[in-house]
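Following this message is one structure expressed as structure tokens.
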Amino acid sequence: MRNQRLGPGSASLRSAEDPWHDFEHTLTGHLRRPGAVGAMEFRAPTPRSGEQGRCVVQLAPGGAVAWVTVRTGDHPLIEEMLAHTAPSAPEPVARAVVDACRDRLHVPHPQLLTLRCEGTVGRYTGALRLIRSDSVPVGRDPADHPNPIDVAVEVTGHLEARERYEAIVEQVTGGPCVVDDRGQLVLSHVGHPVHIAFAGGEPYARIWAWVVRGVRSRSEAALEVARLNLEDDLTCWVLVGRHVMQRTTVPVAPFLPRHAQVALEHFLLTYATTRDRVAARLGPRTRS
């Protein structure tokens, strides 16, 4: 069994529990990659009123200069320069992105951002754990035709499907996962285990994770589960005894990498944005 890597490095500039610190550390490493040129656009969630804010990093060809701009939703025509430096010093660039997204765009968690890229800087972005709004496959040149992420592959059984899904997990999360004694893939996400289960003879996989273990009231939990299921068509919540599970079913025979990637990204984003709130509401026990 391989070792589980729980996430980006942990050098402490801010509290280790601050997700923006890990994001800044990971982005710094990404910008330090040789040959990274182009642009990265980080978009905030669309507000109920107003325009969507964004932060843009631009890396000039030849390593001449890098700069960061921000555009807030209440001033959609104004691009404000936040940093202007050499690409060989990625720390100020990454710090400016965090300051813009967290403090100017008021995004509470980096995983609520979406990412769009142009150029070679858009390769290998899986470690940032952001959904790609341009649907560029992680680690592949967007100029490739046909795009392998859109090519369906016939698999010989659940073991081959698991192996292919494991590669998708590593691309999306930027780290490896483990295979447990039940044959399920297990990865760590926002401090909790997420499982991907495969069964022989079944043409699909199930992504699942516990949201609450031991709810205070089954009737309150049933109402909360019903409300959650009305709000999201791509994943579901299930009350199992006194426990609440989030679950998504994904076809894997034939195996289409884009379907597998999008389903996993949506599951992880939804879990990160709903789990703590649901657990606090239904508790009291929230262990995984």
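The values are calculated or read from the model by the stated rules, or taken from the named source; none is laboratory data. Everything quoted here is computed from the prediction, not taken from an experiment. Every residue, glycine among them, receives a Cβ derived from its backbone with ideal geometry; neighbour counts consider all protein chains shown. Please note that ligands, DNA and RNA were not included when accessible areas were found on the heavy atoms of the full protein model with its side chains. Shrake-Rupley method; radii C 1.70, N 1.55, O 1.52, S 1.80 Å.
For residue 86, which of the numbered conditions (1) open to solvent by less than 50 Å² (accessible area, probe 1.4 Å); (2) closer than 28 Å to residue 273 by Cα fails to hold?
(2)
Please enumerate the residues belonging to segment 73-83 that are open to solvent by less than 70 Å² (accessible area, probe 1.4 Å) and out of contact with any Gly (no Cβ under 9 Å at 6 or more places or on another chain).
Across segment 73-83, the qualifying residues are 82, 83.
Residue 71: within 22 Å of the chain's Cα centre (by Cα) and of a type in the set (Lys, Arg), yes or no?
Values: within 22 Å of the chain's Cα centre (by Cα): no; of a type in the set (Lys, Arg): yes.
When the stated conditions are applied, residue 71 does not pass them.
Which one of these is at pLDDT below 90, surrounded by 15 or more Cβ atoms within 10 Å (Cβ to Cβ) and out of contact with any His (no Cβ under 8 Å at 6 or more places or on another chain): 38, 62? Give the derivation first.
On the way: 62 fails: surrounded by 15 or more Cβ atoms within 10 Å (Cβ to Cβ).
The conditions single out 38.
Taking the residues in segment 89-135 that are in a loop (DSSP other than H, G, I, E, B), among the aliphatic types (A, V, I, L, M) and open to solvent by 10 Å² or more (accessible area, probe 1.4 Å) as candidates, determine which candidate is farthest from residue 42 (Cα to Cα). Explain how you work it out, then say what you get.
Step one: filter segment 89-135 for residues in a loop (DSSP other than H, G, I, E, B), giving 89, 105-109, 113, 119, 123-125, 129-130, 133-135.
Applying the additional criterion that residues be among the aliphatic types (A, V, I, L, M) yields 89, 105, 107, 113, 130.
From what is left, the residues that are open to solvent by 10 Å² or more (accessible area, probe 1.4 Å) are 89, 105, 130.
Details: 89: 20, 105: 10, 130: 9 Å.
Of everything passing the filter in segment 89-135, 89 is farthest from residue 42 (Cα to Cα).
Test residue 70 against the stated conditions and say whether it is among the aliphatic types (A, V, I, L, M), buried (at least 19 other Cβ atoms within 10 Å of the Cβ) and in contact (Cβ under 8 Å) with a residue 60 or more places away in the chain. Explain how you work it out, then say what you get.
Working: among the aliphatic types (A, V, I, L, M): yes; buried (at least 19 other Cβ atoms within 10 Å of the Cβ): yes; in contact (Cβ under 8 Å) with a residue 60 or more places away in the chain: no.
So residue 70 fails the test.
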